[in-house]
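Every number in this text was worked out from the coordinates using simple rules, so none of it is lab data. Note that the structure is a prediction, hence the values are computed from the model and not measured. We place every Cβ from the backbone using ideal geometry, glycine too, and count neighbours over all the protein chains shown.
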């Protein structure tokens, strides 16, 4: 089950980072984001969760979330 609230609770910069990473790298985004020294575990978990969505849902959803994070 996808917990979008967990993603949306992240600060806007981290939401943008996760959205871009998952859009560009898909499932591999978690591997890269887990390397963050401060919040790698959380970013990796959230990106893994989002990458499990089918692409026809994932791409428009993350595009919308990215625009909102940038707007903030």
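Some observations on this one:
- Single residue of region 7-62 satisfying the filter (within 18 Å of residue 72 (Cα to Cα) and in contact with a helix residue (DSSP H, G or I) (Cβ under 6 Å, 6 or more places away or on another chain)) that is surrounded by the fewest Cβ atoms within 10 Å (Cβ to Cβ): 12
- Taking region 5-15 as the range and being over 11 Å from residue 47 (Cα atoms) and touching a residue at least 12 places away in the same chain (Cβ under 8 Å) as the test, the residues that pass are 8, 10, 12, 13.
- Within region 35-72, the residues that satisfy the criterion of being in a loop (DSSP other than H, G, I, E, B), over 12 Å from the mean Cα position of the chain (by Cα) and without any contact (Cβ under 8 Å) to a residue 60 or more places away in the chain are 35, 36, 37, 38, 39, 54.
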